[in-house]
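Note sheet for the following structure.
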Amino acid sequence: MRKPYGIARKRNWKRELKMCQEKMESKTVQIEDLRLACDRIFSFILNDLGIASVELDKNLYWTLPEEVRFDMAHTPTPDHVGSLIDDYEFVRSAVADSDQALPLMFQHLAPLLEALSTKIQSYR
């Protein structure tokens, strides 16, 4: 008897998750690697593509609370809404005042970077 599509897909997802977890040898992230990658990406956008600003055509997006965001044992329901406009204002505060340039700002920077990843073409 053939299983419903959703059940088979869920099993594949769990198997893939397990394989990914087994592959992960280290959870250590080198900050310098991230900084260099971001620098190179922004240099490409500015210098090669000639793009200095991007108009975002969307504002609101779904978010997940931190306590469930990385919990793969449960399927979360997005019940929080974020705003790219608000995020950009927070990021601009870190530009204006270096005392505001704290790691917490990554919470506001990440959604903007994700929006840019689909808004800007990735080729010359």
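A short reminder: the numbers here are calculations on the coordinates, not readings from a lab. This structure is a prediction, so every number in the text was calculated from the model and none was measured. Glycine also receives a Cβ, built like all others from the backbone with ideal geometry; neighbour counts cover every protein chain displayed.
Based on what the data block shows, is Ile41 surrounded by fewer than 10 Cβ atoms within 10 Å (Cβ to Cβ) and without any contact (Cβ under 8 Å) to a residue 12 or more places away in the chain?
Criteria not met by Ile41.
In the set Met72, Met105, which member is of a type in the set (A, V, I, L, M, F, W, C) and either touching a residue at least 40 places away in the same chain (Cβ under 8 Å) or in contact with a Lys or Arg (Cβ under 6 Å, 6 or more places away or on another chain) (or both)?
That would be Met72, the only listed residue that is of a type in the set (A, V, I, L, M, F, W, C) and either touching a residue at least 40 places away in the same chain (Cβ under 8 Å) or in contact with a Lys or Arg (Cβ under 6 Å, 6 or more places away or on another chain) (or both).
Looking at (1) among the aliphatic types (A, V, I, L, M); (2) touching a His at 6+ places or on another chain (Cβ under 7 Å); (3) farther than 30 Å from Arg15 by Cα, which one does Val68 not meet, given that it meets all the others?
Here Val68 clears every test but (3).
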